[in-house]
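Asker: Dropping a structure here in structure tokens format, bear with me for questions.
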Protein chains: 2
Amino acid sequence: MASVHIAGVGSTSFGSHPSQSLQNLAVIAAKAAIADSNIPIERIGAVFVGNFVGGIMMGQELLGPIVAANLGISSVPALKIEAACASSSAAVHLAHELVRGEIHDAIVVVGVERLTGVPREAFTSAMTAAIDQQQEGIHGLTFPGFWGLVMNRHMHLYGTTRAQVGSVTVKNRQFGITNPLAQFRKSITLDEVVNSALIADPVRKFDCCPSTDGAAAVVLTSEALARRYRSPSIKVAASILVSAPVRITDYAELTIHDGTVEAARRAYERAGIGPADVDVAELHDCFSIAEIVDSEDLGFFAKGDGGPGVVAATSGSPMARVVINPSGGLLSKGHPTGATGCGQLYEIVMQLRDIHPNQVPGARIGLTHNGGGTAAAVTVHLLEAVQQ
Amino acid sequence: MASVHIAGVGSTSFGSHPSQSLQNLAVIAAKAAIADSNIPIERIGAVFVGNFVGGIMMGQELLGPIVAANLGISSVPALKIEAACASSSAAVHLAHELVRGEIHDAIVVVGVERLTGVPREAFTSAMTAAIDQQQEGIHGLTFPGFWGLVMNRHMHLYGTTRAQVGSVTVKNRQFGITNPLAQFRKSITLDEVVNSALIADPVRKFDCCPSTDGAAAVVLTSEALARRYRSPSIKVAASILVSAPVRITDYAELTIHDGTVEAARRAYERAGIGPADVDVAELHDCFSIAEIVDSEDLGFFAKGDGGPGVVAATSGSPMARVVINPSGGLLSKGHPTGATGCGQLYEIVMQLRDIHPNQVPGARIGLTHNGGGTAAAVTVHLLEAVQQ
């Protein structure tokens, strides 16, 4: 089995790109990643596009061959991979496994989405394509509704407070100010969060990530190719994708997301490390409460300690050494669903290269966590800066 | 690298399944394939779902985790793979490569689509998601339009006649009569084909495949697992997926489909055989002219000889030993787009097991050819019956 590296990353800004097509956004990010890798384009053996609702929102499928052709890459496997909001990290997982299995030695993975500029109803309806329509969609469940249930339950079981949950948004907006790729670059007060419009009780407007356009890409390569073209590169110490409960009725406990727990367990085992070794993490804060649940399930806090944990992180006496979502996270950097997974990897690569605008000093090990549906498809990636 | 086998196949009938959801159809086919393989379900290492327009037509994405959960399979990579009408054969290719690279030793791949019961305009509009909207869709190109151009050009360049093209439908409807899975099980006359309603000159109604619901699945395994659980199994001698021109302006010549030519070349080279060694083929006859073009590009006939070739095949003096589309093909068995690739593999496996209702006597080597978009994503699989 080959060791797998990330030799290049690229990204558009996240936000509103009304004049750009899906294919254009994808090509911009993929070209940047290939250029960043220094790898000649003719060495790219496959093109994977992570995308969630390009069909529903833009009437465009077949993104694999279209993006490949527009990159000037021909006669390679070129596919779209969909796992809802985890589409592009799932595509990275597949690419990782094909490099690890020595089938290909260089694959470009690009995640892309266009979500802005449509009526809110159309957006909400498109997002529910990641809910089991047959068993839950018919009852009207939406993602704010799901996370409202989770938030209520977390507050009930662990005494988590409204202020603690809201401080996730405050923290991540603060990080967003200095991330040039972020959609929201202004601070917000806790009062503004907890008094914003009620969406799905107790979830309020500023507990929710925005709708976002954008694309991000990574080039995965064998260690040999990385050494040749892009040294030092970033080693993928673990790439795990698991399926998990798809309906709330499948959950034993709504505040414990089995997919995240299991993906994290396997990732730490594969990399031979634990959560205490992680310096920086980009995790799936689609809603403020999600950061609390996820940071517990990833092992950064004991279950129920995520609320105090996030407050401590912002008050200078952190309960965990890991810095969470210094990109601004989905809440502030934005959430172009199909692009988010690659966007998180972009951020961690910048951290491990020591050139991130919100640099975590001395960061050597980074984690990304990306979830699709009601945490029904979960990826965890562990990246490591290596001296070559 | 491991040798890859197909240990199990399953399929619903192809046709109209108005009361079945995407997830139910997929589960029926996948369960049948797993049962057919004799492999305990806990040995399945990944679940890939090939699907094209489940988002646009049914508002349902996230099919990987949903189908996995409904099969009772948890904590595995579970994804949707999309390459338009080649979605499920592209998913098979990925699964093949992961078994070949020894990442997994058993993967279930299921293709599924629901296309019936909607207004014709909604169907046509959904299908054009496989056309580059930015460059061609805006001009109104549809698939009947594309194949109308190809048909005109083939008739102009090679003297192919209207009757020759129409006889593809006549032949494939004849095969459909005795395939219990086929959507159309009645014969048709050449007069009926060439006098049917004009769709996109010179393409007429019965030159077009129908809109179809259905699902089909295959279980890919390592040779060791196949030997243990399902002997004799079917060996995958080659699994090739290539991207190719996505717009007609990218074509050097509309009657030569580079993706098919290149995929076939690589497949024959990988398997160490040539087109003359193929006993039976299921190829992508989405339109009658497509069977002629594809059978030429796959090397069964010289370019331009496909028209006389199909007539000879039906008159008892075949120009090639291969029997083409004994399932009835897309024209008669039907074309549930995302399911078609797995459906073709199902058919060839039945041939190589010597239990097909339209059995090709002594068939030992079979080929499938599946195309997405304007032949923009093309797979060729070569299967071989092995004595174990």
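The values are calculated or read from the model by the stated rules, or taken from the named source; none is laboratory data. Treat the numbers as computed from the prediction; the structure is a model and nothing was measured. Cβ coordinates were reconstructed from backbone atoms using ideal geometry, including for glycine residues, and neighbour counts include every protein chain displayed. For the accessible areas, the whole protein counts, side chains as well, though only heavy atoms, and no ligand, DNA or RNA atoms are used. Shrake-Rupley method; radii C 1.70, N 1.55, O 1.52, S 1.80 Å.
Asker: May I ask you to work out the translational diffusion coefficient for the stretch A:221-294 at 10 °C, viscosity 1.306 mPa s, via Stokes-Einstein with Rh from the Kirkwood sum over Cα pairs, reported in whole µm²/s?
Answerer: 107
Asker: Here's a follow-up. What are the label-to-label distances in nm, one decimal and shortest first, from A:I355 to the same spot in the other copies, with labels 7 Å along Cα to Cβ?
Answerer: Label-point distances to the other copies, shortest first: 6.0 nm.
Asker: Rounding to the nearest 10 and keeping the result within 0 to 90°, find how far the Cα-based axis of helix B:143-158 lies from the longest principal axis of chain B.
Answerer: 60
Asker: Additional query: Full-extension gain between A:K186 and A:R162, please, as 0.36 nm times their residue separation minus the C-alpha to C-alpha distance.
Answerer: 6.5 nm
Asker: In a shell of Cβ-Cβ distance under 11 Å around B:S74, excluding B:S74 itself, what net charge do Lys and Arg (+1) and Asp and Glu (-1) give?
Answerer: Charge balance near B:S74 sits at -4.
Asker: Carbon-plus-sulfur fraction of the accessible area of the stretch B:207-246, 1.4 Å probe, in percent?
Answerer: Carbon and sulfur atoms account for 44 percent of the accessible area of the stretch B:207-246.
Asker: If you count, for every residue in A:83-93, the Cβ atoms of partner chains within 10 Å of its Cβ, what is the mean?
Answerer: 3
Asker: Are there any residues in the stretch B:35-58 with a reduction of at least 30 Å² in accessible surface when going from the isolated chain to the assembly of protein chains? Probe 1.4 Å, please list them by number.
Answerer: B:I56
Asker: How much accessible area per residue does chain B have, counting only protein heavy atoms and a probe of 1.4 Å, in square angstrom?
Answerer: On a per-residue basis, chain B sits at 31 Å².
Asker: So how far apart, in nm, are the two label points at A:A312 and A:E102 if each is 7 Å from Cα heading toward Cβ?
Answerer: Here the answer is 4.7 nm between the modelled labels.
Asker: Buried accessible area between B and A (1.4 Å probe, both chains summed, ligands and nucleic acids excluded), in Å² to the nearest 100?
Answerer: 4200
Asker: On C-alpha positions alone, give me the angle between the axis of helix A:258-271 and the longest principal axis of chain A, in degrees, nearest 10.
Answerer: 40
Asker: If you plug each phi of the stretch B:191-204 into the Karplus form 6.51 cos²θ - 1.76 cosθ + 1.60 with θ = phi - 60°, what whole-Hz ³J(HN,Hα) values come out, in order, with x for Gly and Pro?
Answerer: 4, 4, 5, 6, 9, 6, 4, 6, 10, 8, 2, x, 6, 10
Asker: Just to confirm the number: angle between the C-alpha axis of helix B:337-352 and the first principal axis of chain B, 0 to 90 degrees, nearest 10?
Answerer: Helix B:337-352 sits roughly 80 degrees off the main axis of chain B.
Asker: Same structure, new question: Would you mind calculating the gained length between A:M1 and A:D354 on full extension (0.36 nm times residue separation, minus the Cα-Cα distance), in nm to one decimal?
Answerer: 124.2 nm
Asker: Would you grab the residues whose amide H sits under 5 Å from the one on B:D213? Only those 5+ places off in sequence or on another chain, please, with H modelled 1.01 Å from N.
Answerer: B:G15, B:S16, B:H17, B:L115, B:T116
Asker: What do the square roots of 5 times the Cα gyration tensor eigenvalues come to for the protein assembly as shown, in whole Å, largest first, as semi-axes of the equivalent ellipsoid?
Answerer: Ellipsoid half-lengths, sorted descending, are 46, 25, 24 Å.
Asker: Can you give the mean number of other chain Cβ atoms that lie within 10 Å of the Cβ atoms in peptide A:375-386?
Answerer: Taking the mean over all residues of the peptide, I get 2.
Asker: Per residue of B:257-263, what is the mean number of Cβ atoms on other protein chains within 10 angstrom of that residue's Cβ?
Answerer: That average works out to 1.
Asker: Beta carbons within 10 angstrom, averaged per residue: use that to sort the peptides B:2-15, B:327-340, highest first.
Answerer: Put in order of decreasing packing, that is B:327-340, B:2-15.
Asker: Another question, then. Quick one: label points 7 angstrom along Cα→Cβ at B:F123, distances to the other copies in nm, smallest first?
Answerer: 3.5
Asker: Right, here's the next one. May I ask which residue of A:P245, A:S295, A:I348 lies farthest towards the positive end of the charge dipole of the stretch A:224-363, with charges of +1 (Lys, Arg) and -1 (Asp, Glu) on Cβ and the Cα centre as origin?
Answerer: Positive-most Cα among the choices belongs to A:I348.
Asker: Mind scanning A:K235/B:K235; B:K171/B:K205; B:K205/B:K333; A:K186/A:K303 and naming the pairs with a C-alpha gap bigger than 25 Å?
Answerer: Too far apart for the 25 Å limit: A:K235/B:K235; A:K186/A:K303.
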